[in-house]
Amino acid sequence: MKSETISGRQAACLMALFIAGSAMITGNAAWVKQDSWMSLLLAGVLCLPFTLIYARISSLFPGIGFFDALADIFGRILGWIISFVMALYFFLIGVLAIRTFTEFTHIVTFRQTPQIFVGVCLAILCAYTVSKGLSIMGRSAAVLFIAVTIIFLFSTVMLIPGMDMDNLLPVAAQPYENIASGTAAWFAFPLAESVALLPILGGVKKKGGRHALYIAALCLSVALLLIALLRNLLVFGGDMVALMRFPSYISARIISVGGFVQRIEAFISAYMLICVFVRICVSLYGAGRGFAGLLRVADYRRLVFPVALLGAALAQLLFKDTAEMETWIRQSVWLLIPLQTALPVAIWLCAEVRVRRRSAARERTGLSGG
């Protein structure tokens, strides 16, 4: 359908906002302190081959949805199981994004407003957008990416006078175990979460060049995350950043230029909303398509609103507070990495075998027919 196609530029904006997303506000691997930038770069390098695998999976079955391809590769039963696992993982990404935003609003803005109310409103907004089709998501992402970039660059430039290069010293002072655990954290949240973009790639108009699309989105996301991370470290130092829940928001609050430009944290709040909005829409799109295939629902849009509202409810029930959510995320890294690495590799290898067998069968049929 026409509403289920997007251009390569729109896909790149959607992918970059999804990957970088809320991590530009919340940060990650704070325990690595001033060496967290090293963990981020290492995670980006490690994630690169897996993004190529994601792109290859999508290019092997052009014109076929990701979950339809799983059924084609593995058969009905095993394909159903793998589809369920992947759809559940995409759903979990959305749940965590909703909880992150409700915690943000509860801490910095609407302290008296119940988090469930904010979560339900956000879920309905995202569900409505997804129900309008992938093309609306793509056009929205292209516009929102410009707004996010302007806010991000402006806040970074305004903070330059308060930066201190000594805050990055000493380099590599953290134990190697901390740097390794920080690398795993950046890898799992959010870089390798780009596996959730596989359902999106099926709607890209330009069927070729998906490898370049994935690489461009990853490099752009790592660059944005690195700039945001270095900005916060240079302003506050590693020890202070490790104590902050939303360092980018706090850094925006101290911006003041001659008493004229100040109190721009409202723009950072809008920036946070945009990033979380895109993450939820992408995860909801993937989860909706996955569950629709599992339940044999012809149109995934029929499941978008129920899945979104269920996610908003679970976002409040799974964790008591922010500390519990952060603890769970840190402990679940090694549980989620296999879903982001081992399972996609298995899907890729089986897909290659399947495609080559079909090509060989066609060649034999052609020769026999000739």
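The values are calculated or read from the model by the stated rules, or taken from the named source; none is laboratory data. The model shown is predicted, which means the values in this text are computed figures rather than measured ones. Every residue, glycine as well, gets a Cβ built from its backbone with ideal geometry; the counts of neighbours run over all protein chains shown.
Observations
- Inter-residue pairs, beta-carbon under 8 Å, first closer than 10 Å to Val278 by Cα and in the range 4-20, second surrounded by 24 or more Cβ atoms within 10 Å (Cβ to Cβ) and among the basic types (Lys, Arg), 6+ apart: Leu17/Arg279; Phe18/Arg279
- Selection of the range 164-173 for residues being part of a helix (DSSP H, G or I) and not aliphatic (A, V, I, L, M) yields Asp166, Asn167.
- Any hit, the range 5-15, residues being under 14 Å from Leu220 (Cβ atoms), surrounded by fewer than 22 Cβ atoms within 10 Å (Cβ to Cβ), at pLDDT below 95 and of a type outside the set (D, E, K, R): yes
- Filter result for Gly44 (surrounded by fewer than 24 Cβ atoms within 10 Å (Cβ to Cβ), modelled with pLDDT of 95 or more and of a type in the set (Gly, Ala, Ser)): yes
- Neighbours by Cβ (under 6 Å, 6+ apart or cross-chain): first from the range 145-174, touching a residue at least 40 places away in the same chain (Cβ under 8 Å) and buried (at least 16 other Cβ atoms within 10 Å of the Cβ); second outside any loop (DSSP other than H, G, I, E, B) and among the acidic types (Asp, Glu): Gln174/Asp35
- Listed by position, the helices (runs of 4 or more DSSP H) enclosed by the range 278-342 that each have at least 1 residues that are surrounded by fewer than 15 Cβ atoms within 10 Å (Cβ to Cβ) and among the small types (Gly, Ala, Ser) are 322-331.
- The residue of the range 315-337 that is nearest to Ala196 (Cα to Cα), among those that are among the acidic types (Asp, Glu) and out of contact with any Leu (no Cβ under 9 Å at 6 or more places or on another chain), is Glu326.
- Residue count for the range 185-212, restricted to those that are over 23 Å from Tyr300 (Cβ atoms) and hydrophobic (A, V, I, L, M, F, W, C): 8
- Close pairs (6 angstrom Cβ cut-off, 6 or more residues apart or separate chains): on the phi > 0 side of the Ramachandran plot in the range 284-308, β-branched (Val, Ile, Thr) and surrounded by fewer than 21 Cβ atoms within 10 Å (Cβ to Cβ) anywhere: none
- Only one of the numbered conditions (1) free of Cβ contacts under 8 Å to residues at least 12 places away in the same chain; (2) at negative phi is not met by Val85, and that is (1).
- Qualifying residue in the range 246-262 (condition: surrounded by fewer than 18 Cβ atoms within 10 Å (Cβ to Cβ), in a helix (DSSP H, G or I) and of a type in the set (A, V, I, L, M)): no
- Some residue of the range 63-80 being among the β-branched types (Val, Ile, Thr) and under 30 Å from Gly182 (Cβ atoms): no
- Given (1) within 21 Å of the chain's Cα centre (by Cα); (2) under 24 Å from Ile73 (Cβ atoms); (3) among the charged types (D, E, K, R), number of the condition Arg330 does not satisfy: (2)
- So Ala266, is it without any contact (Cβ under 8 Å) to a residue 12 or more places away in the chain and either crowded, with 16+ Cβ neighbours inside 10 Å or aromatic (Phe, Trp, Tyr) (or both): no
- When Val118 is tested against (1) surrounded by 15 or more Cβ atoms within 10 Å (Cβ to Cβ); (2) within 17 Å of Ala270 (Cβ to Cβ); (3) touching a residue at least 24 places away in the same chain (Cβ under 8 Å); (4) touching a Phe, Trp or Tyr at 6+ places or on another chain (Cβ under 9 Å), exactly one condition is not met: (3).
- Residue in the range 221-239 that is at positive phi and either at pLDDT 90 or above or surrounded by fewer than 21 Cβ atoms within 10 Å (Cβ to Cβ) (or both) present: yes
- One residue alone among Ala142, Ala127 is within 30 Å of Ala292 (Cα to Cα) and touching a Phe, Trp or Tyr at 6+ places or on another chain (Cβ under 9 Å), and that residue is Ala127.
- The set of residues from the range 52-82 being β-branched (Val, Ile, Thr), more than 22 Å from Thr5 (Cβ to Cβ) and touching a residue at least 40 places away in the same chain (Cβ under 8 Å) comprises Ile53, Ile73, Ile82.
- Complete set of residues in the range 56-109 that are over 21 Å from Cys275 (Cα atoms), among the aromatic types (Phe, Trp, Tyr) and crowded, with 19+ Cβ neighbours inside 10 Å: Phe66, Phe67, Phe74
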